[in-house]
Every structure is written in C-alpha cells, then in structure tokens.
Amino acid sequence: MKNKTITALLLTLVLALSLLAGCGGQGSTAGTTSPDNMTAQPSAPASDAPTERTVTDMAGRTVTLPAEIKTIGTFGSIGVLNAFVETMGAGDKICNEGSPSFVKAPNWEKYQYKFTPQIKNMKPFQGADSELLMENILAVKPDLCLTMDKAMTEALEEQGLNVIYLEWQQTDDVKECITLLGEILNAQDVAADYLKYFDDMVAKAEELVKGLKEEDKKTVAYGTITTFTQPHVIAEWWLAQAGAVSVTAEAFAAAGGEKLTYTLEDLLRWNPDVILVATAAEKEAILADSQLSEINAVKNGEIYIVPRIVHVWGNRTTEQPLTIMWTINKLYPEVLSDEALAEEIFYFYSHFFKVDFTDAEIKEIIG
C-alpha cells in the first residue's frame, strides 16, 4: 500500500512537470534569464516611430509637420508651386483646383490635368482676387500648405494649418526651394537629382552658345509688349543664358525691382530682333498695332509664344532649364535643332513628372 502511494505521487509529479514544460514550449519566457531567450524577444512595435517633425521654412519659421505628407494645398503662385510639387513626384498629393485666373489660363486643362488629374474634381482654395475660401480649405485641412505670400502664410497659420513659406527672389533660390521640399516630402534623392539636372542644363546651354560672336547675338524683348512691361526680372537671367541680348537688361539693372515698365519710344529705340510673349492674344495684338510695325521682330516675323505647360516658361518655374533650350532653338536653330529640343522636353517630363508626351504634343510645345 505504501509503495502504491509513492508510485502515485511520482506519477503526479511527472505529469505536472510535463505540463509546465508544455507551457514553456508555447513561447513563455516568464521567469527566465537565458541569453538565448532574450535574443528571441520581438522588436519594439512600429508605433514608437515619431509622428511629427519640425522644419525651418524660407522665412525662418519653425513649422511642425506630420512625419508623412499625404495632402498638399497650394496658395497664391499656384503655377509655380504646382510645378515644384510635381517636379518632386508628388503631384498626386495636391488637393485643390487652381484659382479662377489659373483655370482660365491657356493650356491649364490640356497640361495641368495631365499631371494632376485628381484636382479637376476638387474645390479651389482661392476665389477671385486671391480671396481665401476658408470653408473649402478647412473641409480638407491639408497636411501641408505651400505659399510664396507672407499675408497668406499668416492667414492660414491663424486657422491652425501647417504652412511652409517658399521664396524665389534670386536665381539660385530655386535650389533652396527644391532642397527644402526634398526634406519636407522625404524625397531628398529627387531633390539632389533635380539640382544636378539644373546645373547640367545650364552648363550645356553655355557650351552651346559659347561660339556665338557678339555681333551675331540677337536682341530680344520679352514680356507684355503692348503695355510696355517686362513682368519678371528672372527673364533677364535665362535670356542671357540662351545667348540673347535682352533689350531691357540695362534698364532693369538701373531700376531694380521685380518688373520693369518702359515707353513706346524706348521699344522703338531698342528695335529688338526677336519678341517673346506669353500668349497668342499678345502676339495678335502686336501684329495689329501699327505703331510697332517697323520693329525688326515684327517685320521679320520673329514673334514667338513662350510655352506654358505647368506654368509660363518665361516666369519662375522648375521648367526654366527648358526655357533656356527653347530660346536657343528659336534664336539659333543651327545651334540647337527641333529634334534635339524635343529630346530635352521629353526627358524632363518623363523623368521628373512621370508623364510621357507624344510627338505631336512636343511639336506643339516647341511651336
């Protein structure tokens, strides 16, 4: 009887130890300090990753942003800003239609919707005269608001929105804008790629026109000729890069500022070989104006419409390396052929915007 009791106790003990071993076999590590067990622990959950970060914009403001930007609103200089975002490969994040002035602009529907088709079904964030449509804005509440207008920056910030101010005053500011957007969009590689492209294209243009003799360089007037204005000082830079002699360069240097207003007498005295304008309507108005009929550009039929794809190429836009090449082609076709220009245009939009233009579209862009 005693032996049976001992045997039963031993069987119970063995069973209990087996059960404990079985629990340990299901992955329990409680009470153990084995190095092997410690290395088998799962890694920390991904939720420990930061959900916010801070960046400094071009006004020196420290701005807190989500770790990942999913929606972007563009305000003020919409054409310039959309070009920036689309060049960075983030056009699908834009969440607002253009303002009335942009939507009515030539080629907006043809090209802007090609790059950002989603915005056609979205509400605008601005009305006439740049009025902020705050109800539309707050209904979307973009992760990121981009503007180049300090008053808009303040108005949007007052509504608790994340606002980044960009500035493009000097030629090289485009590089700072792109670098900052690379940081904001976690796309530093794309930013570096574009900056290299920009420098390479400027160097390429310099190589193309370096053989031109000064007496062979064409004089050029750019802008709204019928109102005697050159609206963007940046044009003085790209005209020079293209081997042109801008007729407004000296006056701009003397006056300073963003735009220049001159007189009919000034224009007749300058007598440009070539006129570059932003719209077909402006070209038609020049041809209809008898006061301008004796200008060389008018007499020789050398009035060209600067392309407008995301934005007017003659104004501030990431497309500006193409502006230089297009201008070389128009002034000196023997230096840069239509075929070579077509290759440059196709590469830019295919590489950065991820959109391939057809041969017919490129031919239309070249003009």
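A few notes on this one:
- Residue check, Q169 of a type in the set (S, T, N, Q) and either closer than 16 Å to E86 by Cβ or touching a Gly at 6+ places or on another chain (Cβ under 9 Å) (or both): no
- Matching helices (runs of 4 or more DSSP H) fully within region 258-350 where at least 3 residues are within 23 Å of E364 (Cα to Cα): 280-288, 320-331
- Residue check, S290 loosely packed, with under 15 Cβ neighbours inside 10 Å and hydroxyl-bearing (S, T, Y): yes
- Selection within region 340-367: residues that are touching a residue at least 12 places away in the same chain (Cβ under 8 Å) and of a type in the set (V, I, T). The member of this set that is farthest from Q320 (Cα to Cα) is V355.
Residue-by-condition table, conditions (1) of a type outside the set (D, E); (2) under 25 Å from E236 (Cα atoms); (3) touching a helix residue (DSSP H, G or I) at 6+ places or on another chain (Cβ under 8 Å):
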| residue | (1), (2), (3) |
| --- | --- |
| P321 | yes, yes, yes |
| I324 | yes, yes, yes |
| E339 | no, no, no |
| A342 | yes, yes, yes |
| F348 | yes, yes, yes |
| F352 | yes, no, yes |
| T358 | yes, no, no |
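- When L212, L181 are screened for being touching a residue at least 40 places away in the same chain (Cβ under 8 Å), surrounded by 19 or more Cβ atoms within 10 Å (Cβ to Cβ) and either touching a helix residue (DSSP H, G or I) at 6+ places or on another chain (Cβ under 9 Å) or more than 27 Å from A139 (Cα to Cα) (or both), only L181 passes.
- Scope region 119-163; condition among the charged types (D, E, K, R) and within 25 Å of M88 (Cβ to Cβ); matching residues: K120, K123, K141, D143, D149, K150, E157
- Scanning region 142-174 for residues that are under 14 Å from F75 (Cα atoms), touching a residue at least 40 places away in the same chain (Cβ under 8 Å) and out of contact with any Cys (no Cβ under 8 Å at 6 or more places or on another chain) gives D143, L144, C145, L146, T147, M148, D149, K150, M152, T153, Y165.
Read-outs: derived from the displayed coordinates by stated rules, not from any lab. Please read all numbers here as calculations on a predicted model, not as lab measurements. Virtual Cβ from ideal backbone geometry, glycine too; neighbours counted across all protein chains shown.
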